[in-house]
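The values are calculated or read from the model by the stated rules, or taken from the named source; none is laboratory data. Only a predicted model underlies this, so the values are computations on that prediction, with no experimental measurement involved. Note that we place each Cβ from the backbone using ideal geometry, even for glycine, and neighbour counts take in every protein chain shown.
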Amino acid sequence: MSKKMHLEMTVNGQKVETLAEPRELLIHVLRERLGITGPHIGCETSHCGACTVDFNGKSVKSCNVFAAQAQGAEVTTIEGLGDPDNLHPLQTAFKEHHGLQCGYCTPGMITRAHRLLQENPTPTEEEIRFGMAGNLCRCTGYQNIVKSIQAAASEMNAAKEAAE
Amino acid sequence: MIPGSFDYHRPKSVAEATGLVARYGDTARVIAGGHSLIPMMKLRMTDLDHLVDLQDIGELRGISVNGQSVEIGAMTTQHELIASEVLTEVAPIITEAALQIADPQVRYMGTIGGNVANGDPGNDMPGLMQCLDATYTLSGPDGTRDVKARDFYEAAYFTAREEEEILTKIYFQANGAGYAYEKQKRKIGDYATAASAVLIAKEGDVCSFASIAMTNLADTPIYADAASSELVGSGLDQAAIDAAVAAAIDAIDPAEDNRGPIEFKKHVAGVILRRAIERAISRA
């Protein structure tokens, strides 16, 4: 066993530190050492996207990143987007447009959709489908996920305009 | 899915990185985006004692375009390639290919250097780099040297890169030719069943330049010289395209696997190449 590393990163705006072996994956450190269980482990083979987190402004599958690579990084998980009393527009839209059934893929879906809308605030349906291609859902058939993201985009753009 | 134990290093310069690799020899591996290496480590098919993370080495990042000369740092991600307007302007075939690699999350992490250096016959960039006649710069303890992409690949996962060398950059001359990167895959995120990179230029109605490379149809990318020759000097008529496709199918050597038997792969290769040639002509 190799020596544990002292890791420091910013998770959901909070500075956190923990000890972890270099071989520990980011998803395991988030869930098991930091108690952040929003991102899920689906396939653990970097296919399904349930473990998607925002990593220095990029959507990544945290089952395929070593926590050591996140030393000094800014990480955002679903917990950092909203909370039950103050849902993120994407969370509200997924709820209102039936963008989930079992909910297992949802934290990854919303975290990925968040980054997609940062980069492209007015995506077409095709751009949403292409931009969400790294996240699998076995329940919804994706139609309502796409609708939810479109609804959230409109909501966020309207709020932005109102603020300006 | 936990890899074996290793020590983690994050050097700040190429010299420091090559020093670490030289010191630890074949017990060390460099990691770029890690989206080929980490899955292999999780499956315990790759065993190493020292992981050398290149993410903090600024000199390995970035795209520079000077006229038609293009230089891309090895740690430039697929996402950065796609987002680069200046690269899309001068070498749109790279954008077209990068958009067909894996999925968004993988493209944020996956790098062009890792893609070309790994030697995986399924990777898309090696064939594309052969099509573009790109050159790779390798840095090792004795300095740097350049190797043509067309001379780099020896067998699956075996390349001209020595163990203590790091691939630091890729450069090529763009030529404004019509282009296409065409890829058949079973689903998003899959490697190609067959893919083809094609560049074609015309003078009047006559083909003045052609370059064709094939991906995942042998244990290395295939630069299909004979296929390109069938097009150059022709009027890009059906007979010339048929001859080029036949020559390319002759040059590949696909293996049977879960993407299909050999005959199927040759058939798909022909379909894909024909589409790529036609699209490149339409843009020439």
Given the conditions (1) in contact with a Phe, Trp or Tyr (Cβ under 6 Å, 6 or more places away or on another chain); (2) of a type in the set (Gly, Ala, Ser); (3) closer than 16 Å to B:Ala74 by Cβ, every one holds for B:Ser139 apart from (1)
Of the residues in segment B:118-133, how many are crowded, with 24+ Cβ neighbours inside 10 Å and either over 18 Å from B:Leu217 (Cα atoms) or not assigned by TED's automatic domain parsing to the domain that holds B:Glu163 (or both)?
-> 1
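Yes/no matrix, rows are residues, columns are (1) among the hydroxyl-bearing types (Ser, Thr, Tyr); (2) buried (at least 20 other Cβ atoms within 10 Å of the Cβ); (3) more than 14 Å from chain A (Cβ to nearest Cβ); (4) out of contact with any strand residue (DSSP E or B) (no Cβ under 6 Å at 6 or more places or on another chain):
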{"site": "B:Gly33", "(1), (2), (3), (4)": "no, yes, no, no"}
{"site": "B:Arg44", "(1), (2), (3), (4)": "no, no, no, yes"}
{"site": "B:Asp49", "(1), (2), (3), (4)": "no, no, no, yes"}
{"site": "B:Gly58", "(1), (2), (3), (4)": "no, no, yes, yes"}
{"site": "B:Ser64", "(1), (2), (3), (4)": "yes, no, yes, no"}
{"site": "B:Gln68", "(1), (2), (3), (4)": "no, no, yes, no"}
{"site": "B:Glu80", "(1), (2), (3), (4)": "no, yes, no, yes"}
{"site": "B:Leu99", "(1), (2), (3), (4)": "no, no, no, yes"}
{"site": "B:Ala102", "(1), (2), (3), (4)": "no, yes, no, yes"}
Meets criteria (modelled with pLDDT of 95 or more, touching an Asp or Glu at 6+ places or on another chain (Cβ under 8 Å) and among the charged types (D, E, K, R)) for B:Asp53 = no
Quick count over segment B:155-184, residues being under 14 Å from the mean Cα position of the chain (by Cα), surrounded by fewer than 22 Cβ atoms within 10 Å (Cβ to Cβ) and acidic (Asp, Glu), is 0
Among the residues of segment A:46-72 satisfying the criterion of being small (Gly, Ala, Ser) and crowded, with 21+ Cβ neighbours inside 10 Å, which is farthest from A:Ala153 (Cα to Cα)?
-> A:Ala68
Mind checking which residues of segment B:228-259 are surrounded by fewer than 19 Cβ atoms within 10 Å (Cβ to Cβ), not in a helix (DSSP H, G or I) and not small (Gly, Ala, Ser)?
-> B:Val232, B:Asp237, B:Asp253, B:Glu256, B:Asp257, B:Asn258
Look at A:Leu90 and say whether it is more than 10 Å from chain B (Cβ to nearest Cβ) and either touching a residue at least 12 places away in the same chain (Cβ under 8 Å) or in a loop (DSSP other than H, G, I, E, B) (or both).
-> yes
Looking at segment A:136-164, which of the residues that are touching a residue at least 60 places away in the same chain (Cβ under 8 Å) and within 15 Å of A:Phe94 (Cα to Cα) is surrounded by the fewest Cβ atoms within 10 Å (Cβ to Cβ)?
-> A:Glu155
Tally time: how many residues in segment B:1-31 are of a type in the set (Gly, Ala, Ser), in contact with a His (Cβ under 6 Å, 6 or more places away or on another chain) and within 11 Å of another protein chain (Cβ to nearest Cβ)?
-> 0
A:Cys51 vs (1) farther than 27 Å from B:Val52 by Cβ; (2) within 14 Å of chain B (Cβ to nearest Cβ): all pass except (1)
Enumerated helices (runs of 4 or more DSSP H) restricted to segment A:99-163, each holding at least 1 residues that are touching a strand residue (DSSP E or B) at 6+ places or on another chain (Cβ under 8 Å) and of a type in the set (A, V, I, L, M, F, W, C) | A:106-119
